[in-house]
Amino acid sequence: MLKQLDHDPKKCTQHIMAVHDAMYILNGRWKISIIASLCFSTLRFTDLLREVEGISGKMLSRELKNLEENQLVTRTVLNTQPITVEYQLTEYGHTLKEVIDSLAKWGHNHRKKITGKE
């Protein structure tokens, strides 16, 4: 006979709602890659275009605006010729580093499991 697990529907609902909230903010193909790139350093727009392989300039601009609206990224315009724009994670944005690291670890393990290669 299987032992029934304790199940609190309210806690389960709250947990699922929290996951939905996170996924709503981090949804799409590019946001996690942008955040992962910014975990390491402040980057200029053109550097991000190179780092996030396959993203268009228009899409990168849109995603960065959304991340800025959600207080995960700050945009700094430098008084240079031509004007340089830099992006960095906010202190709040850095709270996602642990999540990004966990995803990277899982991705590495998954690739190894599926392909048999490191």
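The values are calculated or read from the model by the stated rules, or taken from the named source; none is laboratory data. It should be emphasised that the depicted structure is a prediction, and the values quoted were computed from it without experimental measurement. All Cβ positions, even for glycine, are placed from backbone atoms using ideal geometry, and neighbour counts span all protein chains on display. We work out accessible area using only protein heavy atoms, side chains counted, and drop any ligands, DNA or RNA first. Shrake-Rupley method; radii C 1.70, N 1.55, O 1.52, S 1.80 Å.
Quick notes
- A simple spin-label model places pseudo-atoms 7 Å from Cα toward Cβ; at Ile114 and Arg75 they are separated by 3.4 nm.
- Listed residue (Ala18, Gly107, Phe45) projecting farthest to the positive dipole end of segment 12-118, Cβ model: Gly107
- When shorter helices are ignored and each DSSP H run of at least 4 residues is given -39500 (n - 2.57), the per-residue value for the chain at 222 nm works out to -17500 deg cm²/dmol.
- For segment 18-54, trypsin sites (Lys or Arg not before Pro) meeting the loop criterion (DSSP other than H, G, I, E, B) and having at most 15 other Cβ atoms within 10 Å: Arg29.
- Debye, to nearest 20: dipole size of the chain, +1 on Lys, Arg Cβ, -1 on Asp, Glu Cβ: 460 debye
- Efficiency of FRET from Cβ geometry, Cys12 and Lys58, R₀ 35 Å, rounded to 0.05: 0.30
- Accessible surface computed residue by residue for the chain, with neighbouring protein chains in place and a 1.4 Å probe, gives 80 Å² per residue.
- Of Tyr92, Leu60, Val77, farthest towards positive along the dipole that unit charges on Lys, Arg, Asp, Glu beta carbons give segment 1-99: Leu60
- Centroid-to-centroid separation of segment 71-92 and segment 93-118 [C-alpha atoms, Å]: 27 Å
- From the coordinates shown, semi-axes √(5λ) of the Cα gyration tensor in Å corresponds to which of (1) 25, 17, 11; (2) 34, 20, 12; (3) 22, 15, 13: (2)
- Exposure rule at most 15 other beta-carbon atoms within 10 Å, DSSP loop chymotrypsin sites (Phe, Trp or Tyr not before Pro): the chain longest free segment: 41-91
- Taking a Cβ cut-off of under 11 Å around Glu63, the surrounding Lys, Arg, Asp and Glu residues balance to a net charge of +3, with basic ones at +1 and acidic ones at -1.
- Entries in Lys31/Lys97; Lys31/Lys117; Lys10/Lys31; Lys31/Lys65 that, when Cα-Cα distance is taken, lie over 22 Å: Lys31/Lys117; Lys10/Lys31
- Net charge of neighbours whose Cβ lies under 12 Å from the Cβ of Lys105, counting Lys and Arg as +1 and Asp and Glu as -1: 0
- Of the GluC sites (Glu not before Pro) found in segment 1-67, those in coil by DSSP whose Cβ has at most 16 other Cβ atoms within 10 Å are Glu53.
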